[in-house]
Amino acid sequence: MLVAVSLPVCYKGRDRSHCEATEMATNTEGAMFDLHTHTTFSDGVLVPGELARRCQVQGCGGLVISDHVDPSNLEFCIVSLARFAEAVAGAYGEMTVLPGCEITHVPPVLIGDMVDQAREAGAEVVLVHGETVVEPVAPGANRAAIEAGCDVLAHPGLIDPEDVALAAERGVLLEISGRKGHSLTNGHVARLALEHGARLSFGSDGHAPGDYPTRETAETVLRAAGLTTEQAAQVMANNAGFFTG
């Protein structure tokens, strides 16, 4: 299935608030694209190689490894993941591996600088840990992440409508989560995103074997959040855009 995806020209760049839109045809039929996974570089249980192999078996066409980072480990994690991604380029068939990160439990006042530092260190996709209802994330993290222009605001919890509108304006994707607990507010996130024209992404937030879904399972999670089949396919196309730009 070819889906026409409206992507900013600088989709993988820094500030996308003033980017011109362009139409890109992305072949998304059957392939899974996961923007949110973890390895032993943070709190995952698999080394990057095993994570990549397990995702390849699940039919993944694009994988972002987005380990948790804060000021103590940002450079180490991202440089290590970038080295891995470079070393295995082309080794997993049609699956592409990109180095990313998830800026996690960082005081909101520091998030903007950390987004810049992550990109300078080599992160191709920058996530920020949003205000999930199952962890004590500092209030204001959602807004700070959006203002910083991160690529994906992960599991943003009971995000305010004003922040959703700002995400739409800034081109920040709001995550529909495949992880237990974080997924409790998927319906809220999807509803507000549709109301305000914000773009959505899907992330497994996988940490261990069994956490990495097929495309079919991911689209089931998206439909359970209230999206139509066509809207779920568009979310997968949004994910795919990080690998085709």
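The values are calculated or read from the model by the stated rules, or taken from the named source; none is laboratory data. In this text the structure is predicted, and so the values were computed from the model without any measurement. Here the Cβ positions follow ideal geometry from the backbone for every residue, glycine too, while neighbour counts run over all protein chains shown.
Some values worked out for this structure:
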read-out: Residue match in the range 68-75 (condition: within 15 Å of the chain's Cα centre (by Cα), under 20 Å from Gln117 (Cβ atoms) and modelled with pLDDT of 70 or more); value: yes
read-out: Pairs where the first residue, in the range 125-143, is within 17 Å of Thr185 (Cβ to Cβ) and the second is of a type in the set (Ser, Thr, Tyr), C-beta under 7 Å, 6+ apart; value: Leu127/Ser66; His129/Thr104; Val133/Thr185
read-out: Residue within the range 188-205 that is assigned to a helix (DSSP H, G or I), out of contact with any helix residue (DSSP H, G or I) (no Cβ under 6 Å at 6 or more places or on another chain) and of a type in the set (Lys, Arg) present; value: yes
read-out: Among (1) closer than 20 Å to Gly130 by Cα; (2) out of contact with any Gly (no Cβ under 8 Å at 6 or more places or on another chain); (3) β-branched (Val, Ile, Thr); (4) touching a residue at least 60 places away in the same chain (Cβ under 8 Å), the one test that Thr244 misses; value: (1)
read-out: Complete set of residues in the range 119-143 that are assigned to a helix (DSSP H, G or I) and either β-branched (Val, Ile, Thr) or buried (at least 18 other Cβ atoms within 10 Å of the Cβ) (or both); value: Arg119, Ala121, Ala141, Asn142, Arg143
read-out: Residue in the range 45-67 that is farthest from Val97 (Cα to Cα), counting only those that are aliphatic (A, V, I, L, M) and over 15 Å from the mean Cα position of the chain (by Cα); value: Val45
read-out: Among the residues listed as Leu98, Leu110, Leu127, the single one being over 20 Å from Leu51 (Cβ atoms) and of a type in the set (A, V, I, L, M, F, W, C); value: Leu110
read-out: Hits in the range 62-102 - residues which are free of Cβ contacts under 8 Å to residues at least 40 places away in the same chain, assigned to a loop (DSSP other than H, G, I, E, B) and of a type in the set (Gly, Ala, Ser); value: Ser72, Ala89, Gly90, Ala91, Gly93
read-out: Some residue of the range 76-91 being surrounded by fewer than 24 Cβ atoms within 10 Å (Cβ to Cβ), touching a His at 6+ places or on another chain (Cβ under 9 Å) and among the acidic types (Asp, Glu); value: no
read-out: Ile146 crowded, with 21+ Cβ neighbours inside 10 Å and either of a type outside the set (A, V, I, L, M) or outside any strand (DSSP E or B) (or both); value: yes
read-out: Cβ pairs under 6 Å, 6+ apart, first in the range 192-221 and over 13 Å from Ser177 (Cβ atoms), second among the aliphatic types (A, V, I, L, M) and part of a loop (DSSP other than H, G, I, E, B); value: Ala208/Val45
read-out: Whichever residue in the range 186-217 is polar (S, T, N, Q) and closer than 20 Å to Val133 by Cβ and, among such residues, is surrounded by the fewest Cβ atoms within 10 Å (Cβ to Cβ); value: Asn186
read-out: Condition check for Ala167: touching a residue at least 24 places away in the same chain (Cβ under 8 Å), of a type in the set (A, V, I, L, M) and closer than 21 Å to Cys77 by Cβ; value: no
